[in-house]
Each structure stands twice: as C-alpha cells, then as structure tokens.
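Have a look at the structure below, then the notes.
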C-alpha cells in the first residue's frame with residue numbers, strides 16, 4: 001500500500017468516526033425536535049447542540065449563558081451570568097479513540113504508521129474546527145483552538161496506541177518479512193536492556209491502571225443492579241417521555257466512562273466531588289443538592305466500612321504485573337539478575353505510569369457542569385495520581401522481588417554458557433546459572449516483557 005493510499009483511507013475513516021459520533025448525539029435530539037417540539041423549533045438549534053455535545057465530549061470548553069426564565073428556575077447564584085462547561089462526556093472521546101486505534105493498526109500493518117496517524121489527526125482537527133465555527137452561538141460558544149487541538153489529540157492518542165500495539169505484535173511474532181516499515185526498523189535498533197525495562201514498566205503500570213478501571217467498572221455494574229429501583233424511580237420522576245428519556249439515556253451512556261473513572265478514584269481513596277464543598281469517598285459521603293439524573297441513584301449514602309481495604313486492589317495488580325513481567329525481563333542479555341536496584345527502578349517507573357494514566361483520566365473526567373457550586377465536579381487528579389503511583393510501586397516491588405527469589409526452570413529451556421553474559425562483580429556463578437536457565441532456548445533472543 002502506498003503512502004497516499006494509506007493517508008486517504010485513514011482520512012476517510014476519521015471522517016466516518018466523526019460522523020458516527022455526531023450521529024449518536026444528533027439522533028435523540030432529532031427525536032425531541034420531531035416528537036416533543038412538533039417541528040416548531042428551528043432545526044439548526046438541534047444541529048448546533050449536537051456539534052456542541054460532540055466537542056464537549058472531546059474536552060472542548062463551552063461558554064454558556066442561560067435565558068432569564070431558565071436561570072430563574074434553577075435558583076442558583078450566578079445562574080444568569082455566562083459560565084463554563086468543562087466536563088468531557090468521555091463516551092464520545094472513546095468512540096474516536098477506538099476508530100483511531102483501528103486506523104493506527106492498519107497503517108502500521110501497511111508500513112506507514114506515521115502517515116496514517118497524521119492523516120487521522122489532521123482530519124479530526126479540521127472537523128472540530130469546522131464544527132466550532134458553525135456551532136458558535138451566544139447561548140453556547142465553544143473554544144475554537146480547543147476544538148481544533150483536543151479532538152486531534154484524541155485521534156492521535158488512539159492512532160499511537162494502535163500503531164504501537166501492531167508494532168509490538170509484529171516484533172513478538174518476529175516477522176521481518178511482514179513489511180516492518182520505518183517504525184519497526186528503528187524499534188529493532190534500540191538497546192535491548194533499557195527497552196525491555198521500559199516495556200516492563202509500561203506493561204506493569206498501564207496494566208495495573210486499567211485493572212483498577214476494570215474493577216471500578218465492575219463496581220458500577222454491581223451498584224446499578226443493586227440500586228436499579230432507585231435509578232428507575234428517578235428516571236420516572238423526570239417525566240421526560242420516550243423521546244426525552246432516550247436523550248437522557250444517551251447522555252448518561254456518554255457520561256458512563258466518567259463515572260467509571262470516578263469509581264476508580266473512590267477505590268483509591270480520594271473520591272470525587274459533585275459540587276463545591278461535597279465529597280464522595282470510602283471514608284464518608286457529604287452531599288448537598290445533586291442533579292436529578294437517574295445515575296445519581298447509585299451514589300453511596302455513606303462511606304464504606306473498612307474503606308482503606310480497597311487499596312489492596314492496586315497493590316495486588318502491581319504485584320501480579322511484576323510477577324509475570326520479571327521472568328521475561330531477566331531473559332534480556334546484559335540483565336543483572338541479582339541487582340537490587342533493577343526491580344526498584346522498574347517498579348518506580350511502573351508507579352509513575354499508573355499515576356499518569358489515572359491522574360490524567362481523573363483530570364479529564366471532571367470539570368464544570370453548570371454555574372455556581374456545580375463548577376466543581378469530579379475527582380482531584382493530584383491525590384488520585386499520587387496514591388495510584390505509590391500503591392502500584394509497592395505492589396510491583398513486592399512482586400518483582402518475589403519473582404526474582406523463586407527459581408524458575410522452564411521446560412525445554414536450554415542453559416547457555418556463562419561466558420555469554422557480561423562480566424558483573426555482583427553476579428556469582430550460581431546467579432549466572434539461574435540467569436541462563438531463564439534465557440530461553442537461544443539465550444540471546446529478544447523477549448518483550
């Protein structure tokens with residue numbers, strides 16, 4: 001596949017991804033326009049609203065101003081003044097990431113990962129800029145530069161993940177004849193030991209972070225099942241009808257990734273806020289008036305007993321990740337098996353990765369949802385990142401030293417000559433023998449952690 005063909009296909013798929021996201025936002029709004037309002041309201045109002053929702057879902061800030069009647073009904077201080085909407089409905093960003101990941105994988109397979117990713121970034125940014133220009137209105141004005149940069153960043157993130165995954169998969173399969181391209185060729189030129197250690201840290205840290213999110217998602221599902229009657233009651237109390245109920249459901253589905261991140265923040269201890277001066281955490285719940293959306297029915301009325309016990313989740317995930325990654329890491333030529341600092345360094349880097357992932361998600365999942373006290377919603381990213389980094393580091397250190405202390409003799413692994421390993425005063429003859437057992441059939445083959 002030529003570079004031009006790869007770029008055109010990536011651009012086309014980026015346009016399709018943007019149209020699908022816009023369609024998800026527009027469909028319930030069109031039902032409201034036709035059923036609830038009887039086509040009496042101008043259609044451009046709903047088209048602008050769909051564009052604003054799509055941009056908001058990618059983190060673009062909106063400056064909104066309510067009409068006097070609506071502001072009076074809310075009875076919130078400053079409701080009639082312009083206010084910012086900064087919370088990202090991450091469900092729309094997730095759609096873009098999934099499509100961009102597909103683009104990155106296809107481009108990497110074709111041998112042009114950079115070209116495909118660049119095409120997706122440029123097209124998605126252009127779509128965001130066009131929507132911001134067309135959707136601008138005194139009632140809701142999106143930030144123009146954010147509309148160009150943030151959707152493009154989301155697309156670039158997904159494309160980078162897809163291209164990296166495909167590169168790692170090709171490297172693990174050792175397919176030099178599979179059109180490796182420039183990225184894979186440069187990858188194979190990197191020093192093996194620092195590369196293996198970096199990959200081990202990324203896999204442990206990212207695996208622990210997404211494991212925490214998976215546990216949080218399971219917790220949200222359990223709460224939805226347990227509080228189903230409350231959620232349904234709140235939905236019926238809104239009296240939105242079938243069309244309005246569909247719009248609320250789509251909005252809540254778009255907000256569901258945010259709720260999962262908030263649940264992860266709750267597991268780690270800092271919790272999250274639903275308004276200025278409020279907190280929801282394992283140690284206690286302090287809430288004032290909250291928006292009457294059905295998802296509010298799963299909020300815990302009080303803190304969890306023995307809430308600190310939830311910290312065992314990142315500890316166990318860090319321990320498990322290091323336990324599985326360490327045997328792969330010691331197969332790398334030049335690895336000092338008995339060096340005490342290597343497990344600590346890899347674990348520290350894994351903690352930093354986990355903290356960055358969860359801290360950035362916590363920052364992105366929160367923001368302002370309205371005027372006044374509603375300007376503070378979501379978790380505080382710094383405590384979330386700090387606790388995630390610390391707990392994953394501690395669990396990873398314990399797992400790495402445990403895996404290092406347990407002798408492993410894989411079936412079929414042949415011992416290599418101790419002369420193949422570099423001279424190291426800290427590496428005894430016994431250590432060389434154990435390291436050679438872990439080196440695999442060839443003793444020198446690259447093994448991704």
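Read-outs throughout are calculated quantities, based only on the coordinates presented, and are distinct from any laboratory measurement. Here the structure is a predicted model, which means the values were calculated and not measured. Every residue, glycine among them, receives a Cβ derived from its backbone with ideal geometry; neighbour counts consider all protein chains shown.
For the pair residue 137 and residue 236 in one chain, pulling the backbone fully straight at 0.36 nm per residue adds 32.4 nm over the alpha carbon distance. When the scattering of region 186-290 is computed by the Debye formula from its Cα atoms alone, each counted once and equally, what is log10 I(q)/I(0) at q = 0.12, 0.14, 0.21, 0.24 Å⁻¹? Evaluating at q = 0.12, 0.14, 0.21, 0.24 Å⁻¹ gives log10 I(q)/I(0) of -0.60, -0.74, -1.22, -1.34.
Averaged over residues, the count of other Cβ atoms within 10 Å places the peptides 361-368, 243-250, 262-269 in the sequence 262-269, 361-368, 243-250, highest first. For region 1-41, pairs of C-alpha atoms spaced more than 13 angstrom apart make up 64 percent of the total. The peptide list 323-329, 2-8, put in order of mean Cβ contacts within 10 Å with the highest first, becomes 323-329, 2-8. Counted residue by residue at 0.36 nm each, then reduced by the alpha carbon distance between them, the extension gain from residue 382 to residue 4 reaches 131.8 nm.
If r is the Cβ-Cβ distance from residue 84 to residue 198 and R0 is 45 Å, what FRET efficiency results, to the nearest 0.05?
That pair, residue 84 with residue 198, gives E of 0.70.
Debye-formula intensities of region 364-410, expressed as log10 I(q)/I(0) at q = 0.28 Å⁻¹, are -0.95 (one equal scatterer per alpha-carbon, no solvent). As a calculated quantity, the FRET efficiency between residue 40 and residue 290 at R0 = 30 Å, using C-beta atoms, amounts to about 0.40.
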